[in-house]
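Before any comments, here is the structure.
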Amino acid sequence: MSVMKRVSLIFRAKANKALDRMEDPRETLDYSYQQQVEMLTRVRRGVADVATSRKRVELQMNSLQKEVDRREGQARDALSKGREDLARAALQNRASLQGQLNDLQGQYANLQEQEEKLTLASQRLQAKVDAFRTRKETIKATYTAAEAQTRINEAFSGISEEMGDIGLAIQRAEDKTAQMQARAGAIDELLASGALEDHVGGQQDAIQAELDKLGASNDVDSELARMKGELSANAPRQIEANANGDSTSANGDASANGDASSSEATQAAEQPQAGDGL
Amino acid sequence: MIVRILGEGQFQVADDLAARLTALDAELDAAVEKTDDAAFHAALRAAIQLVRESGTTVPDDTFATADFILPFSDATLGEVRKLLADGTIGGDSAGLP
């Protein structure tokens, strides 16, 4: 038998079974209405849950994007320091992170779609429930119990199909949200522990450490230059103090020339340091 | 006739489209039988498109049961197979006693 027919029979069987159990058909209406109102609450909660999950993924996407940008910065930094090997490692890391980010973006779109669908389902159910309430009162007021039976069965079966549909939709949304949360939890942990970097390439912050080392050795170089500058700046005065006729004066002049440029560099280097102190 | 697409509600579809829909349904059935994912998605997509485009939404104050029910537009073959095998809609999902 066909798929579409079989599914419709499954829904009908469910409604018929419920109807068979009902002794007073009029009670069926009130009972069903109560169930519908509960279902409305459930579907709204479902929408809120999916939205929460979506926002969490959004935050994670932002964090991952920052990591991707940071790797790009590292790559540029490394290249400017002539370390192509480090730049390559940083870009490899960036590619892995970008992969994770793309994956999250796909899931984000999926959650967004679920949220939209569930929101529409919730609106549809609300309209159906409102119409059912009116129908219920009409049936109660207008028909005798015997007459009402057919109309009650019709309304009940119709709404129960709607409820079955929405119940399944909520179930699916809950399943997807649960899957999402498990994955999101894992990524949160990775981001929090910094293990994402190790996870991604095992390189981190080997890259940053190396760059920091390069940065530090640059600092050491400029510190050395500053110290040399200070020493040389003092040198001419010592020469002057030693007065004329000294055999070292020629050498002293040569170093004094070198010192002039060093001491300019020293002043330039010292200014930012003063600024740092403020 | 009335066709429901799970997750999207009911549509009133002209009876003369029944033949096309039945043909797609047969494809769907064969795909489920053979576990042919590609054929399953193709038939499901075509059937849903046909109902969405040629059907009109059933008004909210109409309480009718559908003649045919199509799975969710993003349903997997496994999901449909499970629904058919179980022959029932799980637990409280129908909100019925």
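Picking from A:48, A:75, which residue would you name as being away from chain B (no Cβ under 14 Å), at pLDDT 90 or above, outside any loop (DSSP other than H, G, I, E, B) and under 29 Å from residue A:158 (Cα atoms)?
Numbers: A:75 fails: under 29 Å from residue A:158 (Cα atoms).
On inspection, the qualifying residue turns out to be A:48.
Within region B:20-67, track down each residue that is in a helix (DSSP H, G or I), touching a residue at least 40 places away in the same chain (Cβ under 8 Å), of a type outside the set (Asp, Glu) and more than 16 Å from residue B:4 (Cβ to Cβ).
Of everything in region B:20-67, those that are in a helix (DSSP H, G or I), touching a residue at least 40 places away in the same chain (Cβ under 8 Å), of a type outside the set (Asp, Glu) and more than 16 Å from residue B:4 (Cβ to Cβ) turn out to be B:31, B:32, B:40.
What are the residues in region A:9-26 that are assigned to a helix (DSSP H, G or I) and touching a residue at least 12 places away in the same chain (Cβ under 8 Å), if any?
A:11, A:12, A:14, A:15, A:16, A:18, A:19, A:25, A:26
Collect the residues in region A:118-167 that are free of Cβ contacts under 8 Å to residues at least 24 places away in the same chain, aliphatic (A, V, I, L, M) and within 7 Å of chain B (Cβ to nearest Cβ), keeping them in residue-number order.
Hits for region A:118-167 are A:127, A:131.
Would you point out which residue out of A:29, A:40, A:97 is assigned to a helix (DSSP H, G or I), modelled with pLDDT under 90, within 20 Å of residue B:61 (Cα to Cα) and touching a helix residue (DSSP H, G or I) at 6+ places or on another chain (Cβ under 9 Å)? Before the answer, list the steps.
On the way: A:40 fails: modelled with pLDDT under 90; A:97 fails: within 20 Å of residue B:61 (Cα to Cα).
It is A:29.
Starting from residues that are under 12 Å from the mean Cα position of the chain (by Cα) and more than 10 Å from chain A (Cβ to nearest Cβ), keep the ones in region B:23-47 and report whichever is surrounded by the fewest Cβ atoms within 10 Å (Cβ to Cβ).
Per the stated criteria, the residue is B:45.
The values are calculated or read from the model by the stated rules, or taken from the named source; none is laboratory data. Everything numeric here is computed off the predicted structure, so don't read it as measured data. When we count neighbours, we look across all protein chains shown, and the Cβ atoms used for this are built from the backbone with ideal geometry, even at glycine.
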